[in-house]
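Notes to accompany the following structure.
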Ligand SMILES: [Zn+2]
């Protein structure tokens with residue numbers, strides 16, 4: 001198999017199209033590989049309406065950005081035909097490697113969506129060398145497909161929603177996803193970019209047989225914007241803080257304390273990861289030794305670590321009474337050590353309230369990453 005056949009195979013080219021040229025431009029940074037695709041003169045193409053083979057009416061030169069090939073940015077160029085069908089007239093036909101109107105190949109769009117799951121869109125844009133706006137257009141297109149399926153949705157039974165931001169929280173590049181917490185299959189109810197997300201959700205809900213006053217539970221992070229909007233728009237709902245976000249907040253604070261303190265005091269290097277893991281989780285012997293040393297020290301990192309572990313201990317409570325007692329114990333302990341610090345306030349205000357069985361259920365369940373990702377599938 002020669003190099004040309006590798007490309008043909010990789011692009012999935014089928015008759016009448018074939019690869020007629022390839023050019024690697026190494027003078028540009030990054031270097032650019034261009035693949036030219038064409039068909040023999042007089043080839044027939046399938047009419048977009050009836051599928052009948054028809055002659056080409058005319059051609060237009062188009063270029064699509066394709067996957068990065070080794071270190072080279074790759075582009076496909078082709079003469080895209082318009083068919084002339086006896087019955088249906090002249091129509092532009094889509095090439096098999098891209099959706100109509102897109103300047104990216106399907107494989108490149110798929111790669112963009114996968115990257116956007118793993119990193120902020122801005123970082124993704126820098127990595128592939130494509131403008132942020134264009135990546136958002138692709139994401140919006142596929143959300144749109146989910147969105148169309150949502151148009152027929154009946155939300156009259158919706159009672160519990162989870163909401164979370166995804167992708168980048170910096171700049172304007174974020175989307176809020178609303179999840180039906182009682183559904184495991186296709187749980188995404190609504191997605192929206194922009195700021196007034198809860199208000200938009202309320203409008204959407206009311207347009208789909210739902211009522212704002214039916215929503216009894218909202219699971220979200222501790223973002224003041226969400227909390228304020230949930231209180232204003234969904235007046236009957238209890239707000240339950242998503243457990244994952246609470247732990248994340250304390251884990252980050254712990255890491256900040258360690259970072260600041262390790263400049264002043266010696267700490268074993270194993271400590272860095274050991275404190276972020278669960279104390280009863282899989283730890284190496286060196287990590288166990290580092291934690292044992294930490295416990296007997298007078299470091300602030302030791303206090304912060306103990307508070308984070310105590311937070312996990314609340315969640316292990318078997319009954320709602322036990323959870324309430326542990327929460328009270330946690331707040332007292334943390335206040336005693338830290339005073340009235342900001343980080344405790346949302347925990348105290350939002351978790352410190354009569355603890356119903358449903359609340360505990362949703363608090364424990366949290367918003368699962370798989371639920372969050374479902375909107376992009
Ligand atoms: Zn036709």
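The values are calculated or read from the model by the stated rules, or taken from the named source; none is laboratory data. These figures come from a predicted structure and were not determined experimentally. Every residue, glycine as well, gets a Cβ built from its backbone with ideal geometry; the counts of neighbours run over all protein chains shown.
Residue-wise test of (1) surrounded by fewer than 16 Cβ atoms within 10 Å (Cβ to Cβ); (2) assigned by TED's automatic domain parsing to the domain that holds residue 140; (3) at pLDDT 85 or above; (4) within 19 Å of the chain's Cα centre (by Cα).
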residue	(1), (2), (3), (4)
189	no, no, no, yes
192	no, no, no, yes
195	yes, no, no, yes
204	no, no, no, no
210	no, no, yes, no
215	no, no, yes, no
224	yes, no, no, no
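Show me the helices (runs of 4 or more DSSP H) entirely contained within the range 296-368 in which 3 or more residues are modelled with pLDDT under 65. I'd like the intermediate steps shown before the answer.
Values: elements: 300-315, 320-338, 344-351, 357-365.
So the answer is 344-351, 357-365.
Scan 73, 57 and give me the residue that is crowded, with 17+ Cβ neighbours inside 10 Å and in contact (Cβ under 8 Å) with a residue 24 or more places away in the chain.
Numbers: 57 fails: crowded, with 17+ Cβ neighbours inside 10 Å.
Criteria check complete, one pass: 73.
Of the residues in the range 56-89, how many are within 16 Å of the ligand (Cβ to nearest atom) and in a strand (DSSP E or B)?
We begin by selecting, within the range 56-89, every residue within 16 Å of the ligand (Cβ to nearest atom); these are 56-57, 81-89.
Those left that are additionally in a strand (DSSP E or B): 56-57, 81-85, 89.
Counting residues in the range 56-89 that are within 16 Å of the ligand (Cβ to nearest atom) and in a strand (DSSP E or B) gives 8.
Go through the range 223-262 and give me each residue that's closer than 20 Å to residue 314 by Cβ and not in a helix (DSSP H, G or I).
238, 239, 240, 241, 242
Mind listing whichever residues of the range 90-105 are at pLDDT 90 or above, part of a strand (DSSP E or B) and away from the ligand (no atom under 12 Å from the Cβ)?
104
Which of the residues spanning the range 119-142 are part of a loop (DSSP other than H, G, I, E, B) and under 15 Å from residue 103 (Cα atoms)? Don't jump to the end; show me each part of the working.
Just the residues of the range 119-142 that are part of a loop (DSSP other than H, G, I, E, B), to begin with: 119-120, 129-131.
Residues satisfying the conditions are 129, 130, 131.
In the range 31-42, is there at least one residue being within 28 Å of residue 114 (Cα to Cα), in contact with a helix residue (DSSP H, G or I) (Cβ under 7 Å, 6 or more places away or on another chain) and either surrounded by 15 or more Cβ atoms within 10 Å (Cβ to Cβ) or modelled with pLDDT of 90 or more (or both)? Steps first, please.
Looking only at the range 31-42, we keep the residues that are within 28 Å of residue 114 (Cα to Cα), and these are 31-37.
Next, only the ones that are in contact with a helix residue (DSSP H, G or I) (Cβ under 7 Å, 6 or more places away or on another chain) stay: 35.
Filter once more, keeping what is either surrounded by 15 or more Cβ atoms within 10 Å (Cβ to Cβ) or modelled with pLDDT of 90 or more (or both): 35.
Looking through the range 31-42, at least one residue is within 28 Å of residue 114 (Cα to Cα), in contact with a helix residue (DSSP H, G or I) (Cβ under 7 Å, 6 or more places away or on another chain) and either surrounded by 15 or more Cβ atoms within 10 Å (Cβ to Cβ) or modelled with pLDDT of 90 or more (or both).
Looking at the range 1-15, which of its residues are at pLDDT 75 or above and buried (at least 16 other Cβ atoms within 10 Å of the Cβ)?
Selection gives 13 alone.
Of all residues in the range 20-39, which are farther than 23 Å from residue 58 by Cβ and in contact with a strand residue (DSSP E or B) (Cβ under 6 Å, 6 or more places away or on another chain)? Can you show your working first?
Pass one, the range 20-39, residues farther than 23 Å from residue 58 by Cβ: 22-33.
If the condition is that a residue be farther than 23 Å from residue 58 by Cβ and in contact with a strand residue (DSSP E or B) (Cβ under 6 Å, 6 or more places away or on another chain), then 22, 23, 24, 25, 30, 31, 32, 33 are the ones that fit.
Of all residues in the range 22-53, count the ones that are part of a loop (DSSP other than H, G, I, E, B) and within 16 Å of the ligand (Cβ to nearest atom).
Residues of the range 22-53 part of a loop (DSSP other than H, G, I, E, B): 26-31, 40-43, 47-52.
If we keep only those that are within 16 Å of the ligand (Cβ to nearest atom) too, we end up with 47-52.
The qualifying residues number 6.
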